[in-house]
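Below is one structure, written out as structure tokens; the observations come after it.
Values in this text are rule-based calculations from the coordinates and carry no lab data. Here the structure is a predicted model, which means the values were calculated and not measured. Positions of Cβ are backbone-derived with ideal geometry, glycine not excepted, and every protein chain shown enters the neighbour counts.
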Amino acid sequence: MDSAEAQELDREAVHTALDRVLDARGGDDPSSLVVAMRAVAQVRGAVDGAMVELVPAFEASMAWAADGHRSPVSWMVEHLGVARAAAASERRTCLAASRMPHVAAAARRGQLSSTHLRHLVRARREPVEEVFDDDEEELVEEATAMRADQLKVHLERWWFDALAALGENEPERDPGGTDRSSLRLREGFAGRGLVEGDLAPEAHATLAEAIAAEIERWRREGSLEADPRTWAELQADALVALVARGAATPEGSVRRPSLLAVVDLDTLLRRAGVDAAERTRRRAEICGIGPVSDALIRELASRAGISLLVTGAGGRPLWRGRQVRLASAAQRAAVLAADGGRCYWPGCDAPAHRCQIDHLTGWEQGGATDIDNLGPICGFHNRLKHRGRYQAARGPDGRIEVRDRDGHPIGARAAPADRAPP
């Protein structure tokens, strides 16, 4: 609808949602708590959207200077109790979003969270501002149907598409920045240490795979049975174990990381110089990490073992029936590529190196080791699925839906944007 009414927030619905949040109690039945939690998101969306209009108006009014503050940010820190970095980020986001008509309209309707707004604002940057302006309405429409993490990946893909449409290379980094990895070790309280790092994609992939392999080795040895450590604690212990073992055997060989790089057929043909009538959807990414540039793919190809999976729309590879139970390496690569390299359980984003390949219809129930009956799932949700007798199935659109023992859907993870179902 183009009417003015369609551009306005449904205030009555927001008031109802707020009442549900305020009336919720810990002893309520589970379905009421679910309704209350969803109402929280509705109220937050309305408030975040209102800030897009409120912050620029507040800044222009100079009301923040009345009690001696030098900037709206310092006023927000003092009176709203937020950290300076958060206040500055919200100010920048709201000012930029207010100048983007479709983003601002969706914000007024309460359809975009603050995280959605930040992702959209950051996507409109040099040298693709004009492409963003042309695509803004479509991008906003897609954003309202996506979770924030899905939108981030979608906009990264759009960014590379936009560069290709302009015939531009990736902009050089700020001369003051660096492409190299960095790591800081600081002494904490009572002898503890603080580690802070910013790793380049290839360094992150190397480290993540090494840590996951170490934890998997512990699991195979049986040392993780009834282990109370969290995943973060296991990762920290695995890193220390790897460093200690490497320091003790400096002559030992270094294992090269195995990276799963995914390039869709249209992108591959474009890179080969094949002309296309129009810009196509692009997928070139490292599973579990996200979209990457052509230059980074070349860099990774020279450093790591790469499994290359080329897909075309409607491709249906790798059917093995009930001849074997376990998925092959090729099937694992195909499954991770088709499902974005993340756990398929609703709300879980465990990356590829933490995922097992699961029979959606269990092997014990007659399920086949076929590509359309396989999906990536983390160990925790794999155990939960079998213990709780949950059911999972892939629909004709490529989505994997999980249902409880009574057949009620608990949510579905959308197939990755611009991907045909396997």
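Based only on other Cβ atoms within 10 Å, what is the fewest-to-most ordering of HIS79, HIS154?
Listing HIS79, HIS154 from fewest to most nearby Cβ atoms yields HIS79, HIS154.
Take ALA232 and GLN365, extend 7 Å from each Cα along the Cα→Cβ direction, and tell me the distance between the two endpoints in nm.
3.5 nm
In what sequence, highest mean first, do 24-31, 106-113, 122-129 appear when ranked by Cβ atoms within 10 angstrom?
In descending order of packing, they fall as 106-113, 122-129, 24-31.
For GLU168 and ASP397, compute 0.36 nm times the residue count separating them, minus their Cα-Cα distance, and round to one decimal in nm. Walk me through the intermediate numbers first.
Numbers: separation 229, 0.36 × 229 = 82.44 nm, distance 3.38 nm.
Roughly 79.1 nm would be gained on extension.
Compute the signed sum of charges (Lys and Arg +1, Asp and Glu -1) over the other residues within less than 12 Å, Cβ to Cβ, of ALA123.
-2
Sticking with the crude label model, points 7 Å out along Cα→Cβ, report the distance from SER223 to GLU12 in nm, one decimal please.
Rounded to a tenth, the inter-label distance reads 6.4 nm.
Under a 5 Å amide H to amide H cut-off, with H placed in plane at 1.01 Å, what residues pair with ASP370 once short-range neighbours are removed?
ARG320, GLY321
For ALA41, what is the net charge nearby, where nearby means another residue's Cβ is under 13 Å from its Cβ and Lys, Arg count +1, Asp, Glu -1?
Once positives and negatives cancel, what remains is +3.
Would you mind ranking PHE380, PHE58 by Cβ crowding within 10 Å, fewest neighbours first?
Fewest-to-most ranking of PHE380, PHE58: PHE380, PHE58.
Would any residue of the range 381-399 have its amide N under 13 Å from a label point 7 Å out along Cα→Cβ of ARG405? List them or say none.
385-391
Order these by the 10 Å Cβ neighbour count, fewest first: ASP404, ASP67. Mind showing how you got there, number by number?
On the way: ASP404 12, ASP67 9.
Going from sparsest to densest Cβ surroundings: ASP67, ASP404.
Residue farthest toward the positive end of the dipole of the range 5-166, with Cβ of Lys/Arg at +1 and Asp/Glu at -1: which of VAL153, VAL140, SER74?
SER74
Would you calculate the separation in nanometres between label points at SER61 and PHE380, each defined as 7 Å from the Cα along the Cα-to-beta-carbon direction?
Distance between label points: 4.4 nm.
Please compute the net charge surrounding GLY110, taking Lys and Arg as +1 and Asp and Glu as -1 over other residues with Cβ under 14 Å from its Cβ.
Spelling it out: positives minus negatives among the neighbours equals 0.
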